[in-house]
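What follows is a short report on a single structure.
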Amino acid sequence: MAEPSIFTRILQGDIPGEIVAETERVFAIRDIAPQAPVHLLVIPKTQEYRDVTELAAGDATLLAEMIALAKRLGREHADDGDFRLIFNTGAGAGQTVFHVHAHLLAGGLGEKSLV
Ligand code: 5GP
């Protein structure tokens with residue numbers, strides 16, 4: 001059994017972290033180092049998928065559930081409901097936690113900036 005990821009430990013209440021939304025299989029927290037006025041992490045409760053490519057191949061429905069929760073969070077946290085979703089995939093792309101998660105960014109994003 002793999003060591004629990006930082007996100008699993010937050011979900012289990014072992015370390016602090018406010019869960020801002022939750023469904024049966026997905027939850028969301030605020031990023032500890034926000035890169036935008038709204039910066040949430042949308043995370044499957046299972047940590048069995050390391051990144052979005054593994055998740056898409058293994059459980060595409062769960063990926064769709066993440067995106068559905070992101071849509072709800074956009075409505076709840078962004079003035080216009082619009083948001084950017086980013087999946088860092090691999091260490092070379094900046095991924096540091098290998099429990100798949102989407103960064104939801106909103107509010108005051110530069111129109112042409114990709115991050
Ligand atoms: P990655 O770099 O893997 O795409 O994203 C991991 C994210 O998790 C980073 O943006 C980082 O700030 C966030 N993070 C790391 N540790 C914690 C923590 O203990 N609590 C919260 N809320 N976010 C964390």
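In this structure, Val100 does satisfy being part of a loop (DSSP other than H, G, I, E, B) and either within 14 Å of the ligand (Cβ to nearest atom) or farther than 18 Å from Ala21 by Cα (or both). For the range 24-35, the candidate set comprises residues that are modelled with pLDDT of 95 or more and more than 13 Å from the chain's Cα centre (by Cα); within that set, the residue that is farthest from His103 (Cα to Cα) is Glu24. Reported count of residues in the range 1-22, each being more than 16 Å from His99 (Cα to Cα) and within 13 Å of the chain's Cα centre (by Cα), is 4.
Pick from the range 4-55 the residues that are assigned to a loop (DSSP other than H, G, I, E, B) and among the acidic types (Asp, Glu): which of them is nearest to the ligand (Cβ to nearest atom)? Working first, answer last.
Our first condition is that a residue be assigned to a loop (DSSP other than H, G, I, E, B); within the range 4-55, this holds for 4-5, 12-18, 23-25, 31-37, 45-51.
Now restrict to residues that are among the acidic types (Asp, Glu): 14, 18, 24, 31, 48, 51.
Numbers: Asp14: 11, Glu18: 8, Glu24: 21, Asp31: 5, Glu48: 16, Asp51: 9 Å.
Per the criteria, the residue is Asp31.
With the structure loaded, tell me whether Phe83 is under 11 Å from the mean Cα position of the chain (by Cα) and either within 24 Å of Leu109 (Cα to Cα) or not basic (Lys, Arg) (or both) or whether it fails that test. No; evaluated as a whole, the condition is false for this residue.
For the range 71-115, what are the residues that are at pLDDT below 95 and in contact with a Pro (Cβ under 7 Å, 6 or more places away or on another chain)? Within the range 71-115, Gly107, Gly108 meet the criteria. Answer yes or no: is there a residue in the range 45-63 that is in contact with a strand residue (DSSP E or B) (Cβ under 7 Å, 6 or more places away or on another chain) and of a type in the set (D, E, K, R). Yes, the range 45-63 has at least one match. When the range 46-70 is filtered for residues that are charged (D, E, K, R) and either touching a residue at least 60 places away in the same chain (Cβ under 8 Å) or touching a Gly at 6+ places or on another chain (Cβ under 8 Å) (or both), the ones remaining, listed by number, are Glu48, Asp51. Residues satisfying the criterion are present in the range 7-15 (criterion: farther than 19 Å from Gly108 by Cβ and small (Gly, Ala, Ser)).
The values are calculated or read from the model by the stated rules, or taken from the named source; none is laboratory data. None of the values given here were measured: they were computed from a predicted structure. Cβ: placed from backbone, ideal geometry, glycine included. Neighbour counts: every protein chain shown.
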